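Q: Take this structure first; my questions come after.
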Amino acid sequence: QAAAGGGRAALRACGVHNVCRLLSRRAHGFYARDAGVAHRKNLGLLRRIMCQESTKFKNVWTTHSASPIAYERGRIYMDNYQCCITSIAQQPRLIYQKSKCAKSEKIEDALLLECPLGEMLPNPSDYKASLIVLTVQNWLLRLSADSGEVLEKVYLAGSCCKFFRYLSWDTPQEVMIVKSAQNKLPAAARQAGIQQTVLFYLAVFQVLPLSFIGMLEINKKIFGNSVTDVAVSNGILIVMYSMGLVRLYNFKAILDQFMEQPYDLGQEFNWNGQVGVVGKYPFGLPCNIKITDTPPLLFEASSLENAFQIGGYPWHYIITPNKKKHKGVFHICSLKDNALAKNGIQDMKCCSLEPDWIYFHPDMSGRIIHVGPNLIK
């Protein structure tokens, strides 16, 4: 056994700098024994190739843009997603260039959709990557990632909400959330004493094939007067408050409990005496999830500027104590009993205009990355 162990150690030692050997071992599944190992090995391979002293870099392409430049999986989007360039080729090349759109067609947000593995989809176009975009006029469009052609279009805004602005994933590549801007009454209405109780609308979609799950409102009467923002992630509704409080609710349980009636895209419906078609202009989507009582609270924590993350195993969360003097200090605590983890207080004590930041490593290994202006831990 000692001889075998020594042989393996020698093998590791002799192959540690050999990229071809590492690629071969990866192909044979040597790194598939633990979550995140393959991802770490891939990054290690990339680092060795990039950081060789003999490696030389040359500028092959430069561009400029007056509007923000977006990047998604090897595609560079410019001019508000009207221009798409591939970055995978030896030299970036144009995939498509759409004609200039009107201000009313401006894109507010976008997500890249990719075909789920092992599922039968209704249309051949569903098997290719596509881009879901949200326009300023509340249209949700699914575009071909290769040509920019419109594959599907859904009108979101009905009588209840006029300003959808944000796209995000609940479950990546499976369930998508479309969030409205915060509802604010005109100054004249506020002066007249009219109260605005609905703060946000959330529309929930299953993707590929695109289907409507439901729409709900975040109401002050249910969640409280000091709500400042909401988000949905991995089946959790996250509600943030002005005093730094963060509350978590079971989003799936909310959908199941308060769904009044399910609707499909293209289905005719009668809503408040008006007959329309789900996802068609001018009716849009019905608000068919009515939260009539405060849902059971899963968890709450107080954190400076609502900074809050969950990760690791067993589950832990990261917060900054809710006092300005603690800015830049991070506490890592157990989600089960709020106990501070061993070495659970992280403070770089950095005196810099650039703040430090911290997050759970995306390879699901339970590691935490803490990045300061001149140090990474």
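Q: What is the distance, in nm, between label points placed 7 Å from the Cα along the Cα-to-Cβ direction at LYS184 and at LEU297?
A: Distance between the two pseudo-spin positions: 2.9 nm.
Q: Let me ask something else. Out of the total accessible area of the chain (probe 1.4 Å, heavy atoms of protein only), what percent is carbon and sulfur?
A: After summing per-atom areas, the C and S share lands at 54 percent.
Q: Sticking with this structure for a sec: Farthest toward the dipole's positive end in the chain, which of PRO262, LEU143, GLN195, given Cβ charges of +1 (Lys, Arg) and -1 (Asp, Glu) about the Cα centre?
A: The Cα lying farthest towards the positive end belongs to LEU143.
Q: Take every Cα pair under 8 Å in region 75-229 that's 6+ residues apart, average their separations, divide by the length, and report that relative contact order as a whole percent.
A: Value for region 75-229: 14 percent.
Q: Can I ask one more? Between [x] 180; [y] 143; [z] 231, which matches volume of the Cα convex hull per residue in Å³ calculated for the structure shown?
A: Looking at volume of the Cα convex hull per residue in Å³ for this model, the match is [z].
Q: Additional query: GluC sites (Glu not before Pro), restricted to region 243-316: which are DSSP loop and have at most 13 other Cβ atoms within 10 Å?
A: Those satisfying the criteria are GLU260.
Q: Another question about this same structure. Please identify the trypsin sites (Lys or Arg not before Pro) of region 271-365 that satisfy two criteria: DSSP loop assignment and at most 10 other Cβ atoms within 10 Å. Which are they?
A: LYS336, LYS349
Q: I need the shape label for region 303-376. Rule: rounded when a/c is under 1.5, else prolate if a/b > b/c, else oblate, with a, b, c from the alpha carbon gyration tensor.
A: Oblate, because a/c is 1.5 or more while a/b does not exceed b/c.
Q: Please go through region 58-91 and write out the trypsin sites (Lys or Arg not before Pro) that DSSP classes as loop and that have at most 16 other C-beta atoms within 10 Å.
A: LYS58, ARG73
Q: Another question about this same structure. Any idea how far apart GLN274 and SER147 come out in nm if each label point goes 7 Å out from Cα toward Cβ?
A: Taking the simple label geometry, GLN274 and SER147 are separated by 3.5 nm.
Q: Further, regarding this structure: Decide, for region 333-377, between rounded, prolate and oblate: order the square roots of the alpha carbon gyration tensor eigenvalues as a ≥ b ≥ c, take rounded if a/c falls under 1.5, and otherwise choose prolate if a/b is larger than b/c, else oblate.
A: oblate
Q: Would you mind checking the pairs LYS100/LYS179; LYS324/LYS377; LYS106/LYS290; LYS179/LYS290; LYS153/LYS290 and listing those with alpha carbons more than 28 angstrom apart?
A: LYS106/LYS290
Q: If you don't mind, another one. Report, in deg cm²/dmol and to the nearest 500, the calculated mean residue ellipticity at 222 nm for the chain, where each DSSP H run with n ≥ 4 adds -39500 (n - 2.57) and the sum is divided by the residue count.
A: Calculated from helices alone, the mean residue ellipticity at 222 nm is -4000 deg cm²/dmol.
Q: Sticking with this one: Whole number in Å², please: accessible area per residue of the chain, 1.4 Å probe, ligands, DNA and RNA not counted.
A: With all protein chains present, the chain gives 60 Å² per residue.
The values are calculated or read from the model by the stated rules, or taken from the named source; none is laboratory data. The structure displayed is predicted, hence computed values, not measured ones. Using ideal geometry, Cβ is built from the backbone for each residue, glycine included, and neighbour counts are taken over all protein chains shown. Heavy atoms of the whole protein, side chains included, go into the accessibility calculation; ligands, DNA and RNA do not. Shrake-Rupley method; radii C 1.70, N 1.55, O 1.52, S 1.80 Å.
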